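The values are calculated or read from the model by the stated rules, or taken from the named source; none is laboratory data. Because the structure is a prediction, the values reported are computed rather than measured. Methodologically, a virtual Cβ is constructed for each residue, glycine included, from the backbone with ideal geometry; neighbour enumeration extends over all protein chains shown.
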Amino acid sequence: MGAAITRGTTFTDGQQNVTVAQFNPLLTSATIAGVDRENIGTGIGVSTYDDAFPDNPQEQEAFQSDVGNHALSRISGVWVPGLSSVNRCVLAANLTAGLLVMPSVEQVGGFPSVAACTSAKRTSAIGVLCMDGNNGENGLYVVRGPALVQVASAIAAGAPVRQSATAGQIESAGAAGTGYGREVIGTALTADSGGFAWVNLRAR
């Protein structure tokens, strides 16, 4: 069922002149009702709070159970834990979203007692940068949970991933079900696409 749009005013066919009294309701009285997850566009940020999973979920839809209060996100056709643990840092360089970041040796202004961070070298990552940022700006990085991460080489969905020799990026740690160990930082939720892959980061 589509959303209901109520007109603020009606014009006659062929009408050429519009008075202030006719034009004003056009701006002030029009309403839209009945907007819900069934008629909102894909990618708008649909969110459902209910006791059961929604039918025909959209990609990137969020679902939170009103029974167990767990939250999930729809990624590549499956429901995955939707809560990511996020920490704060101050960027010590201009960085792009999806990069693995590590603590920087320099301390800069920003949140008290929060170290600066920069692109991570192998085995030293503390998280994945959430969004683009410039040197000196406050940044956020995902510690565990779903994150979109830059990749250095092909990754298959379900494969464990580790930091690559390319600073800030990940690589496959083996086929799905293999490659477990201390170097594994999470599991790929999707295959690589456009230089990125969704990864469910694990606590280290």
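Here are some notes:
- Residue among T96, T123 that alone is in the same structural domain as L201 (by TED's automatic domain parsing), at pLDDT 90 or above and surrounded by fewer than 16 Cβ atoms within 10 Å (Cβ to Cβ): T96
- Members of the range 15-50 found to be modelled with pLDDT of 75 or more, assigned to a loop (DSSP other than H, G, I, E, B) and among the small types (G, A, S), listed by number: G34
- The combined condition, being more than 16 Å from the chain's Cα centre (by Cα) and at pLDDT 90 or above, is not fulfilled by R202.
- Restricting the range 77-89 to residues that are under 18 Å from D192 (Cα atoms) and more than 13 Å from the chain's Cα centre (by Cα), the residue that is modelled with the lowest pLDDT: V78
- Across the range 58-75, the number of residues qualifying as part of a loop (DSSP other than H, G, I, E, B) and modelled with pLDDT of 85 or more comes to 0.
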